[in-house]
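Enquirer: The structure under discussion is supplied below as structure tokens; questions concerning it will follow.
Since every read-out is calculated from the coordinates, none of them should be taken as a lab result. The shown structure was predicted, so the numbers you read here are calculated from the model rather than taken from an experiment. Don't worry about glycine lacking a Cβ; one is built from the backbone with ideal geometry, like all the others, and counts go over all protein chains shown.
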Amino acid sequence: MFDNRIRAATAAYLDTSHARALDVPQEAQRKIVQRFITCCYDDLAKEPRHLEGDDVERALCAYLPRYYGARDPLALNTEEVLNAYFRHLREDAVVLHAYEIGVAFDAHIETFCATVRAGKVHEKGIAMTRALHDERRGTKVGRNDPCPCGSGQKFKKCCMKLGD
């Protein structure tokens with residue numbers, strides 16, 4: 001579940017001209033920005049405006065792909081939405097490392113996209129996290145059922161471990 005600071009930051013972005021200018025549906029933008037902000041707080045322990053270039057690299061290459069399922073269609077819009085989000089941040093707050101963030105983002109966004117497209121395994125499992133479990137629709141997955149991520153393993157040996 002997302003906490004109030006993540007919801008507030010997402011709502012602040014969605015109310016900007018940057019968000020309205022995109023051809024990406026608002027619901028998709030909301031999910032992408034919430035995932036990124038959650039990654040910042042939970043994995044990097046920083047507010048997005050306090051990020052540095054190496055934080056953006058770690059987010060894009062190691063942490064953020066886990067918030068997406070393998071071949072998640074939202075990944076196709078992530079570059080465009082996060083660019084708009086960073087523009088919003090620069091206008092709304094003092095971002096000390098804005099240049100480094102931009103350089104790191106441009107250098108590593110393709111790695112993020114390729115990781116999600118391939119569904120590569122990360123240190124905590126296939127590209128799937130609690131964010132996807134919160135949004136899950138349909139029947140409950142049992143411990144011994146095949147994992148819904150498509151890895152071929154039982155759920156208890158794959159994505160269930162992400163909830164620990």
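Enquirer: Students often get this wrong: which residues of the stretch 52-74 have the backbone nitrogen under 16 Å from the point 7 angstrom along Cα-to-C-beta of LEU96?
Expert: Counting only backbone N, you get 52-56.
Enquirer: May I pose another question? Using 0.36 nm per residue of separation minus the Cα-Cα distance, give me the extension gain between LYS140 and HIS50 in nm, one decimal.
Expert: Here the answer is 28.6 nm.
Enquirer: Additional query: Give me the net charge of GLU100's neighbourhood, meaning all other residues with Cβ under 15 Å from the Cβ of GLU100; Lys, Arg count +1, Asp, Glu -1.
Expert: Charge balance near GLU100 sits at -1.
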